[in-house]
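Beneath this line is the structure, given in structure tokens, with notes to follow.
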């Protein structure tokens, strides 16, 4: 074995003269060389890689502090690029999946706040992500834009919320935060919801049509239901024996209640004053001009006065749930239907109409 060695100072190998290289040989064959530019040429393999075939010169290597990669990076199955195998990384799965793990993805921003945060040139924001709530999880897309450097200013979102029914069904929400602050939408800001079980829609603040923006014109209530009608007289209550058909139905649209009722009175005695029907599902409005109810009456054996023309316009007291009937008379003032006009036994009483409420 021959050794070139310098213990006291640097060892210099010099190929003096232009275009002369330093050559390294083994058993008479060249295995490496260094040219006058400092490029290193190798023959054979390094860790099984044919470096000569790969053209691995010093000038083609990618510097640690940056540079230009002119070839492809090919990743093996289940490998990753990142801080570590358990921190921020891009992971490649041989099954065809690429995952960003342990990190939030920012597009146009260096400070992403959700799983995916996109900022466009005009500071509009799109956040894609989710969070847990009392019912499970909700996830979706929130929209907004930056004001006064506040990246949390996101007032609109479209999300789905888990309802934990064991079938993975979810409610769908459109969220709008109307507060004048720098906060962002939360699930409680839902203004429109599609129920994940029934499929029915809920508009929290009502619906507007056309170009109308007046709050008073919002359709903000619709309800259907039943009510139980009752019968009495204004001066003293009767002793009643009711039949088996006593029911009422109603539909409420906004401040208008449409109703229908059926009463079956087997018999009654005593009582005096004007006929009063009670039990309406909502109290009458307190606005005087709106307290006159348009209603019709059909009752068996009603004692019809000779000058009555029709029984259809009724009156009500604001804040109450009852009403009286008035009879329109021929060339005379109208009058209330009183106890004397109401039959004493086996009477079917039908009425339908509508009225206004402040409820």
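Give the number of residues within segment 287-319 that are outside any strand (DSSP E or B), under 25 Å from residue 226 (Cβ atoms) and touching a residue at least 40 places away in the same chain (Cβ under 8 Å). So that I can check it myself, show each step before the final result.
Within segment 287-319, the first condition is being outside any strand (DSSP E or B), and the residues that meet it are 287-291, 300-307, 316-319.
Subset that is under 25 Å from residue 226 (Cβ atoms): 290-291, 300, 316-319.
Now narrow it down to the ones that are touching a residue at least 40 places away in the same chain (Cβ under 8 Å): 290-291, 300.
Residues in segment 287-319 being outside any strand (DSSP E or B), under 25 Å from residue 226 (Cβ atoms) and touching a residue at least 40 places away in the same chain (Cβ under 8 Å): 3 in total.
Among the residues of segment 124-172, how many are modelled with pLDDT under 60, more than 23 Å from residue 109 (Cα to Cα) and in a strand (DSSP E or B)?
4
For segment 323-342, give me each residue that is touching a residue at least 60 places away in the same chain (Cβ under 8 Å) and not in a strand (DSSP E or B).
Of segment 323-342, the ones touching a residue at least 60 places away in the same chain (Cβ under 8 Å) are 324, 336-339, 341-342.
Listed by number, the residues that qualify are 337, 339, 341, 342.
Residue 225 fails exactly one of the following numbered conditions: (1) at pLDDT 90 or above; (2) farther than 28 Å from residue 257 by Cα. What is the number of that condition?
Of (1) at pLDDT 90 or above; (2) farther than 28 Å from residue 257 by Cα, only one is false for residue 225: (2).
Given the criterion at pLDDT below 80, over 19 Å from the mean Cα position of the chain (by Cα), over 15 Å from residue 186 (Cα atoms) and not in a strand (DSSP E or B), identify the matching residue among 121, 110.
Values: 110 fails: at pLDDT below 80.
Just a single option satisfies the conditions, and that option is 121.
Inside segment 1-74, counting only strands (runs of 3 or more DSSP E) that do not spill past its ends, which hold 1 or more residues that are surrounded by fewer than 10 Cβ atoms within 10 Å (Cβ to Cβ) and at pLDDT 80 or above? Steps first, answer last, please.
Details: elements: 22-26, 29-34, 40-42.
It comes to 29-34.
In segment 82-99, how many residues are surrounded by 11 or more Cβ atoms within 10 Å (Cβ to Cβ) and either touching a strand residue (DSSP E or B) at 6+ places or on another chain (Cβ under 6 Å) or more than 21 Å from residue 117 (Cβ to Cβ) (or both)?
Matching residues across segment 82-99 total 9.
Take segment 157-186 and flag every residue that is buried (at least 18 other Cβ atoms within 10 Å of the Cβ) and closer than 22 Å to residue 199 by Cα.
157, 159, 161, 162, 170, 171, 173, 174, 175
What number goes with the only condition from (1) over 30 Å from residue 348 (Cα atoms); (2) over 36 Å from the mean Cα position of the chain (by Cα); (3) without any contact (Cβ under 8 Å) to a residue 24 or more places away in the chain that residue 244 does not pass?
(1)
Any idea which of 218, 237 is closer than 21 Å to residue 256 by Cβ and surrounded by 12 or more Cβ atoms within 10 Å (Cβ to Cβ)? Break it down into steps so the answer makes sense when it comes.
Working: 237 fails: closer than 21 Å to residue 256 by Cβ.
Checking each option against the conditions leaves just 218.
The values are calculated or read from the model by the stated rules, or taken from the named source; none is laboratory data. All of these numbers come straight from a predicted model, not from anything done at the bench. For neighbour counting, all protein chains shown are included, and Cβ atoms are generated from backbone atoms with ideal geometry for every residue, glycine included.
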